[in-house]
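The structure under discussion is supplied below as structure tokens; questions concerning it will follow.
Please treat every number below as a calculation from the coordinates, not as lab data. Computed from a predicted model, the values in this text were never measured in an experiment. Positions of Cβ are generated from backbone atoms using ideal geometry, with glycine treated the same way; all protein chains shown enter the neighbour counts.
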Protein chains: 2
Amino acid sequence: MFKINENYQKLPGSYLFSTIAKKVSAFTEAHPDKELIRLGIGDVTQPLAPAVIAAMHKAVDEMGDAGTFRGYAPDLGYAFLRDAIAEHDYKLRGCDISPDEIFVSDGAKSDSANIQEIFGQENRIAVCDPVYPVYVDSNVMAGRTGVYDPKKETWSNVIYMPCTMENGFVPEFPRETPDMIYLCLPNNPTGTTITKAQLQEWVDYANKVGAVIIYDGAYEAYISEGDVAHSIYECEGAKACAIELKSFSKNAGFTGVRLGYTVVPKELKCGEASLHQMWARRHGTKFNGAPYIVQRAGEATYSPEGRTQLKEQVAYYMKNAAAIKNGLKDAGYTVFGGVNAPYIWLKTPGKMTSWEFFDYLLENANVVGTPGSGFGPSGEGYFRLTAFGTYENTLAALGRIQKL
Amino acid sequence: MFKINENYQKLPGSYLFSTIAKKVSAFTEAHPDKELIRLGIGDVTQPLAPAVIAAMHKAVDEMGDAGTFRGYAPDLGYAFLRDAIAEHDYKLRGCDISPDEIFVSDGAKSDSANIQEIFGQENRIAVCDPVYPVYVDSNVMAGRTGVYDPKKETWSNVIYMPCTMENGFVPEFPRETPDMIYLCLPNNPTGTTITKAQLQEWVDYANKVGAVIIYDGAYEAYISEGDVAHSIYECEGAKACAIELKSFSKNAGFTGVRLGYTVVPKELKCGEASLHQMWARRHGTKFNGAPYIVQRAGEATYSPEGRTQLKEQVAYYMKNAAAIKNGLKDAGYTVFGGVNAPYIWLKTPGKMTSWEFFDYLLENANVVGTPGSGFGPSGEGYFRLTAFGTYENTLAALGRIQKL
């Protein structure tokens with residue numbers, strides 16, 4: 001008789017955003033007259049930039065013509081896209097990353113969940129707490145996290161690095177030595193980040209203790225302060241210890257288009273074993289490339305028009321972020337983030353838990369946010385709002401919250 | 001110090017099609033004047049059908065308009081696509097599969113590699129030999145296959161079901177009892193298949209021994225004979241033991257578009273554990289949906305025009321298959337397949353190994369095929385040609401081979 005992967009049974013509840021979707025759909029069914037405003041899941045609302053749309057139409061036409069039709073894409077991505085990434089995201093920032101160290105994928109969620117596969121079962125992971133739930137959940141599925149404590153909501157074999165008001169949401173070096181360190185900076189959900197000098201300390205730490213850093217830079221485009229690194233490879237020695245995950249979802253509105261990439265430097269080794277080769281093998285065996293049309297869309301984000309249009313899109317969302325942040329502050333809330341990230345992280349009022357505040361907001365303001373506790377135990381008592389709504393909806397939601 | 005997944009180090013050589021690509025590119029570099037004809041990798045050459053192109057342009061326009069823009073897709077696929085699949089691929093064939101048992105993905109390669117994740121480490125897999133390499137390789141990466149014997153080219157913990165000339169390329173029930181049985185029918189690479197009555201025996205066998213069947217139906221559209229099942233769910237009892245993988249790559253030319261789906265029936269359980277729930281959890285945690293534009297393209301393949309156009313496309317490739325089969329037969333080759341599948345499987349002439357014939361064909365006819373041994377030890381002495389070229393190239397390749 002076949003057996004299942006028992007690790008799946010250890011996962012408590014469902015994936016955070018699926019739970020929210022279910023709660024919201026139950027509310028909508030019970031109150032069909034209420035108009036919800038969704039500032040929960042980090043989903044964008046602005047249409048794709050004209051340069052991207054034009055590139056996609058052109059690519060669609062190519063796919064309809066025998067002379068220009070494209071079948072299977074190269075395993076690791078088309079050169080036109082990898083070259084553009086290497087030039088704009090790395091070379092122009094002084095980072096020495098070559099196109100063949102870049103692996104194009106269907107998005108950073110897949111990559112951040114799959115990257116753990118090339119590591120041994122016995123590795124111990126460290127995560128910021130709170131953080132994007134996929135890092136821990138994918139390691140639970142792989143059997144790397146030990147036993148779950150339902151009271152503490154922690155795993156026995158995961159090293160948590162609490163990021164709270166008390167430490168300014170900046171992770172500290174853990175007391176126990178991790179093998180794999182997940183860093184999401186600017187952070188989802190807290191919206192905070194660290195300086196380049198602080199990031200350099202993490203790189204030095206990883207190189208010292210022999211850990212690998214899985215660096216999730218999905219929100220890089222939202223960095224507005226000057227002393228924040230846009231890539232971990234701006235730090236010295238990072239190529240020997242860090243993998244960087246990048247997404248087109250938040251800088252170019254590709255949440256429904258699906259495109260991301262992962263950098264695995266050739267220098268990154270474990271003894272003789274090259275992680276670059278291992279990831280190439282995984283990509284070649286378990287993935288078949290991102291769609292041609294989508295890769296052309298990605299390329300267009302680096303064109304002069306594309307870059308201008310996307311800068312405006314990011315500015316649009318950051319205007320929302322500022323409005324939420326200031327509006328909530330005025331209403332007496334304690335708020336964080338929103339400067340280098342499209343997320344506002346707020347302390348729930350009174351002694352409300354994160355889920356209590358979720359229900360309260362849903363029922364009384366008809367606004368959907370994300371409970372901080374869904375991102376880890378240290379997120380309890382916090383709540384995330386995103387700046388990805390339309391400006392009008394953002395102001396309307398704010399008005400409703402201020403009236404509570 | 002972090003450790004790697006040592007299972008990756010056990011994989012012999014590189015992924016089959018990557019090796020071929022490297023050999024071909026070395027040849028092209030050495031002989032820039034030679035015009036290669038590629039009948040190797042199963043990649044299509046005909047442009048996308050007009051109905052698909054129209055649907056994609058429309059979807060691109062929607063993504064460029066704030067009123068119709070779509071962000072994250074539902075985890076498991078848009079209802080418009082899942083409904084169309086349920087109706088056309090199942091209901092109209094008398095199979096009782098509901099839309100929420102269908103999981104839309106970025107292609108059958110990902111699904112066929114990822115599906116093993118929800119099963120326990122201790123399961124023993126059975127595979128047809130020869131077969132699509134991803135089934136075994138993905139299980140090697142997961143550590144499920146035991147020790148590799150480089151002489152026999154087999155894994156100690158894999159049950160091989162030889163499919164050779166002697167048994168008409170039809171797998172026989174293995175002597176040892178497997179937990180997971182991979183069946184690819186019509187088969188890649190042999191191009192052969194089994195009758196619905198024979199498939200029913202496999203379903204009965206799986207239900208009897210408590211095995212799960214991973215049924216890869218990627219080539220279903222090429223079935224031309226009447227007594228062959230188009231879905232495993234045409235067999236009684238299949239919903240209790242079978243997962244079906246389907247692709248849009250070969251029936252609709254989506255190799256560079258990336259779309260597939262997997263059916264996990266709700267009845268399929270291991271004790272109390274629902275595999276449907278587990279796969280939903282995996283999808284929700286490690287995948288973020290197929291692109292909206294691509295899902296609309298998939299929907300268009302089920303429209304009346306789409307179906308007519310794709311029927312013509314399949315007929316085009318099957319005309320190639322017949323030409324290759326008959327042409328090679330006339331030239332004295334022993335050939336199989338090509339009736340219910342776009343693959344021609346031939347015995348290598350003389351005592352040539354598969355790779356020797358690969359090199360021979362590449363050098364002397366400048367035709368790229370696929371060595372049978374790349375699909376498993378019983379593929380040694382065989383060779384695969386695909387019908388996915390243009391008709392002109394197919395005839396030209398045939399002419400070159402006949403002249404050898």
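Mind putting together the pair-distance distribution for chain A? All Cα pairs, 20 Å bins, whole percent per bin, short to long.
Computed distribution, short to long bins: 27, 58, 15, 0.
Using θ = phi - 60° and the Karplus form 6.51 cos²θ - 1.76 cosθ + 1.60, what ³J(HN,Hα) does each residue of segment B:282-295 get, whole Hz, x for Gly and Pro?
4, 4, x, 8, 10, 8, 10, x, 7, x, 3, 4, 6, 5
Rounded, prolate or oblate, given the Cα gyration tensor of segment B:184-296, with a/c below 1.5 counting as rounded? Walk me through the intermediate numbers first.
Values: a/c = 2.56, a/b = 1.07, b/c = 2.40.
Oblate.
Same structure, new question: Got a sec to turn the phi values of segment A:126-135 into Karplus ³J(HN,Hα) couplings, 6.51 cos²θ - 1.76 cosθ + 1.60 with θ = phi - 60°, whole Hz, x for Gly and Pro?
10, 10, 5, 10, x, 6, 3, x, 5, 4
Follow-up. For B:ASP227, go 7 angstrom from Cα along the Cα-to-Cβ vector, then report the distances to that same point in the other copies in nm, smallest first.
Ordered by distance, the counterparts are at 8.0 nm.
Would you please give the residues with an amide H less than 5 Å from that of B:ILE181, counting only those at least 5 places away or on a separate chain, with H modeled from the backbone geometry?
Excluding prolines and chain starts, which carry no amide H, the hits are B:ALA126, B:VAL212, B:ILE213, B:ILE214.
Let me ask something additional. Taking each residue of A:63-74 in turn, how many C-beta atoms of other protein chains fall within 10 Å of its C-beta, and what is the average? List each step's numbers first, then the result.
On the way: counts 10, 9, 3, 4, 1, 1, 8, 5, 14, 11, 4, 1.
Averaged over the peptide's residues, the number is 6.
Continuing with the same structure: Between B:PHE169 and residues 5 or more places away or on another chain, which pairs have amide H atoms under 5 Å apart, with H built 1.01 Å from N, and which residues are they?
B:THR164
Using the 7 Å Cα-to-Cβ label point, sort the distances from B:ALA315 to its equivalents in the other copies shortest first and give them in nm to one decimal.
Ordered by increasing distance: 5.6 nm.
Counting only other chains, what is the mean number of Cβ atoms within 10 angstrom of the Cβ of each residue in peptide B:16-26?
On the way: counts 2, 4, 6, 0, 0, 3, 0, 0, 0, 0, 0.
Shielding by partners across B:16-26 averages 1.
Using the charge dipole of segment B:54-302 (Lys, Arg: +1 at Cβ; Asp, Glu: -1 at Cβ; taken about the Cα centre), state which of B:TYR222, B:SER105, B:GLY284 has its Cα farthest towards the positive end.
B:GLY284
Hey, in the GNM for chain A with a 10 angstrom Cα cutoff, which one of A:PRO186, A:PRO47, A:PRO162 fluctuates hardest?
Of A:PRO186, A:PRO47, A:PRO162, the most mobile in the Gaussian network model is A:PRO47.
Further question: Just subtract the alpha-carbon distance of B:ALA26 and B:LYS351 from 0.36 nm times their residue separation and send over the number in nm, one decimal.
On the way: separation 325, 0.36 × 325 = 117.00 nm, distance 2.56 nm.
My answer for the length gained is 114.4 nm.
Check B:ILE4: other-chain or 5+ apart residues with amide H under 5 Å from its amide H, H built from backbone geometry?
A:GLY120
Another question, if that's okay. Taking the alpha carbon gyration tensor of segment B:245-404, what are the square roots of 5 times its eigenvalues, largest first, to the nearest whole Å? Each step should come with its number before you reach the end.
Working: eigenvalues 270, 94, 37 Å².
The three semi-axes for segment B:245-404 are 37, 22, 14 Å.
Take every DSSP beta bridge with both residues inside segment A:54-303 and express the antiparallel ones as a percent of the total, to the nearest 5.
Details: 12 of 29 bridges.
The antiparallel proportion sits near 40 percent.
Suppose R0 equals 30 Å; then what is the FRET efficiency for B:ALA79 and B:GLU166 from their Cβ-Cβ distance, rounded to the nearest 0.05? It would help to have the intermediate numbers written out before the result.
Values: r = 48 Å, r/R0 = 1.60.
Here the calculated transfer efficiency is 0.05.
Across the protein assembly as shown, what fraction of all alpha-carbon pairs, as a whole percent, falls in each successive 20 Å bin from zero upward?
16, 50, 30, 5, 0
Could I ask something else about it? Give a residue-ordered list of calculated ³J(HN,Hα) values for segment A:172-178 (Karplus: 6.51 cos²θ - 1.76 cosθ + 1.60, θ = phi - 60°; whole Hz; x for Gly, Pro).
Listing the rounded values in order: 9, 4, x, 5, 8, 8, x Hz.
Here's a follow-up. If you average over every viewing direction, what projected area does the convex hull of the Cα atoms of segment A:1-130 give, in nm²? If you can, show how the numbers build up before the last one.
On the way: hull surface 63.4 nm².
About 15.8 nm², averaged over all directions.
If you don't mind, there's one more thing I want to ask. In square nanometres, what is one fourth of the surface area of the convex hull spanned by the alpha carbons of segment A:136-227? Before the final figure, lay out each step's value.
Numbers: hull surface 27.3 nm².
Spelled out: convex hull of the Cα atoms, projected over all directions, averaged, 6.8 nm².
Add -39500 (n - 2.57) for each DSSP H run of 4 or more in chain A, then divide by its residues: what number comes out at 222 nm, to the nearest 500 deg cm²/dmol?
Using -39500 (n - 2.57) per qualifying helix, the result is -11000 deg cm²/dmol.
For every other residue with a beta carbon closer than 11 angstrom to the beta carbon of A:PHE173, add +1 if it is Lys or Arg and -1 if Asp or Glu, then tell me the sum.
So the surrounding residues net to -2.
Once the cut-off is 17 Å, how many percent of the Cα-Cα pairs in segment B:251-311 end up in the long-distance tail?
Numbers: 1003 of 1830 pairs.
Result: 55 percent of Cα pairs exceed 17 Å.
Sort shortest first the distances from A:PRO349 to its counterpart in every other copy, using label points 7 Å along the Cα-to-beta-carbon line, and give them in nm.
Those label-point separations list as 8.6 nm.
Here's a follow-up. Can you tell me which of A:147-154, B:324-331, A:111-118 comes out highest on packing, and rank the rest after it, using the mean Cβ neighbours within 10 Å?
Going by the mean number of other Cβ atoms within 10 Å, highest first, we get A:111-118, B:324-331, A:147-154.
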